[in-house]
Amino acid sequence: MRHEQAARVFAQRSKRLWIAVVHQAIDDAMGRASFATSSAEEIRSIQREALTWIFHDRSKVANSFHSICEVLDIDPDWAREHLRQYPAIRRGLAGSRRQRSGGKGLTGVWLSQEDDARRTVHAGSHATSLPVITPAEPLLDDEIPRYPPFMKGLPATHPDKLIETQRELIGQIRETGVATPEIFEQFHLAALRRFASYAHLLPASQTHHHRGAGGLLRHAAEVALWSLQSGDRVLLPGEQTPRRRRELEPRWHLAVFLAALCHDLGKPVTDLVVTSRDGAEVWNPFVEDLYAWATREQVDRYFLHWRENRGKKHQAVSALLAERIIGPQGLAWIAAGDTELVLWMMETINCSPSAENPMHDLVVRSDQVSVERDLRSLGVAFTGYEIGLPVERFLVDLMRRLVREGTWAINRPGRACGASTGSSI
């Protein structure tokens, strides 16, 4: 048992180290090499090395970008595509391309696949070919990063495209439950589509977990999946005949799924205000879904304005909005098995469970797991760059967590961590 615990601690610390490594590589790739302030050329050189490591080294040797992403459960291709969205990265890639093409500029500069295949990057004794790089599009004025967060707004994309981004997670939900393909399509997937239309690309929070675009949808789907996995092991109260159990199980699974999916449904009401670019049009979550509003008002991009003193106010209205996601047919199908399932589901969404409710604790624990995993993952790292949060913020968060968990001991001989009067760590 002691060895297993030591192995878990080592794995956690290793992941934190690799997260810090990737953080630094992202900073370097964006031209933010803080230790290379002696000359602009040195900074550019470090930037080129970081860009090569992230985008061009496709090897799977130890310490490669691909291998580190696998350790952190991150799809390296997804990470690369996500990073390409940032103007600083695109400028860096374009600069590397100009240097390789002899300074001819962007126009008409194309590297042939044969020439590009001969270019290699060496990592120790390993060498891998660089892929073909196509010229970047000219940088537009509105692509220049600016503050505050989400200044460019979020695109009013069709909800089906948002569902497609979570295809793998939805596949796991499909495999976890006991619903037939017809039931899953009619109730589970339909509820996910309605949720995507309602919450769209809203984040789950401003500065905490799942704080990037689409964070609320991702968080809700994660909690739904893990609640389903936990709910599969719950024995429903009372003695049930095999036939009765077969009737109840898929309805129990659907109720758990919907309770988890809707647990943060009130956040778009209590936590933020969504407007058009000029602020003339304001979304009313009680009246219609975000996507329906954007379509009706011909809003191509919408903007977020966070409310103060939000706290847990969303719990008071989540149940009020839940019927829109659950749908009357889903509600009736669950109630046909047992109205107690409907009561447990609504109690859980409203965060006011009765003593005999076995559903609420499943959702609460799954919510905690989703939050913790996101805060420890690279999703937070990439999101920070997306919404304008400095990397120092994440390093301080990590330091505080290490102190809180007892990994770092403060003001002890031989320890690297110390605090003086007035320290906030």
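Screening Arg48, Arg90, Arg58 for residues that are farther than 17 Å from Asp27 by Cα, of a type in the set (Lys, Arg) and either assigned to a loop (DSSP other than H, G, I, E, B) or more than 20 Å from the chain's Cα centre (by Cα) (or both) leaves exactly one candidate, Arg58.
Among the residues that make up the range 204-215, is at least one of them under 11 Å from the mean Cα position of the chain (by Cα), in a helix (DSSP H, G or I) and assigned by TED's automatic domain parsing to the domain that holds Pro159? The answer is yes; a qualifying residue exists.
Selection of the range 304-355 for residues being among the aliphatic types (A, V, I, L, M) and in contact with a Cys (Cβ under 6 Å, 6 or more places away or on another chain) yields Ala322, Ile325, Ile349. Condition check for Ala191 on (1) part of a helix (DSSP H, G or I); (2) more than 14 Å from Cys262 (Cβ to Cβ); (3) in contact (Cβ under 8 Å) with a residue 24 or more places away in the chain; (4) more than 17 Å from the chain's Cα centre (by Cα): one failure, at (2).
Looking at the range 293-312, is at least one residue surrounded by 21 or more Cβ atoms within 10 Å (Cβ to Cβ), within 30 Å of Trp333 (Cβ to Cβ) and either touching a Leu at 6+ places or on another chain (Cβ under 9 Å) or in contact (Cβ under 8 Å) with a residue 40 or more places away in the chain (or both)? There is no residue in the range 293-312 that is surrounded by 21 or more Cβ atoms within 10 Å (Cβ to Cβ), within 30 Å of Trp333 (Cβ to Cβ) and either touching a Leu at 6+ places or on another chain (Cβ under 9 Å) or in contact (Cβ under 8 Å) with a residue 40 or more places away in the chain (or both). From the list Val342, Val317, Val371, the lone residue that is touching a Gly at 6+ places or on another chain (Cβ under 8 Å), surrounded by 14 or more Cβ atoms within 10 Å (Cβ to Cβ) and on the phi < 0 side of the Ramachandran plot is Val317. If I filter the range 294-308 for residues that are assigned to a helix (DSSP H, G or I) and out of contact with any Phe, Trp or Tyr (no Cβ under 8 Å at 6 or more places or on another chain), do I get at least one hit? Yes, some residue in the range 294-308 is assigned to a helix (DSSP H, G or I) and out of contact with any Phe, Trp or Tyr (no Cβ under 8 Å at 6 or more places or on another chain). Quickly run through the range 324-345 and pick out the residues that are touching a residue at least 12 places away in the same chain (Cβ under 8 Å) and of a type in the set (Gly, Ala, Ser). Result: Gly327, Gly330, Ala336, Gly337. If you take the residues in the range 320-339 that are touching a Lys or Arg at 6+ places or on another chain (Cβ under 8 Å) and closer than 23 Å to Glu249 by Cα, which one is surrounded by the fewest Cβ atoms within 10 Å (Cβ to Cβ)? This residue is Ala336. Taking Arg246 and the conditions (1) over 25 Å from the mean Cα position of the chain (by Cα); (2) of a type in the set (Lys, Arg); (3) under 19 Å from Met345 (Cβ atoms), which numbered condition does it fall short on, given that it satisfies the others? Among (1) over 25 Å from the mean Cα position of the chain (by Cα); (2) of a type in the set (Lys, Arg); (3) under 19 Å from Met345 (Cβ atoms), the lone unmet condition for Arg246 is (3). Given the criteria under 29 Å from Ala255 (Cβ atoms) and under 24 Å from the mean Cα position of the chain (by Cα), does Ala316 qualify? Spelling it out, it is not the case that Ala316 is under 29 Å from Ala255 (Cβ atoms) and under 24 Å from the mean Cα position of the chain (by Cα). Please work out if Arg218 is assigned to a helix (DSSP H, G or I), under 20 Å from the mean Cα position of the chain (by Cα), at pLDDT 95 or above and surrounded by fewer than 23 Cβ atoms within 10 Å (Cβ to Cβ). In short, no. Only a single item in (1) at pLDDT below 90; (2) buried (at least 17 other Cβ atoms within 10 Å of the Cβ) is not met by Pro148, and it is number (2). The criterion of being of a type in the set (Phe, Trp, Tyr), assigned by TED's automatic domain parsing to the domain that holds Ser205 and outside any loop (DSSP other than H, G, I, E, B) does not hold for Phe286.
The values are calculated or read from the model by the stated rules, or taken from the named source; none is laboratory data. A quick note: this is a predicted structure, and the numbers were derived from the prediction, not measured. Neighbour counts run over all protein chains shown; Cβ positions are idealised from the backbone, glycine included.
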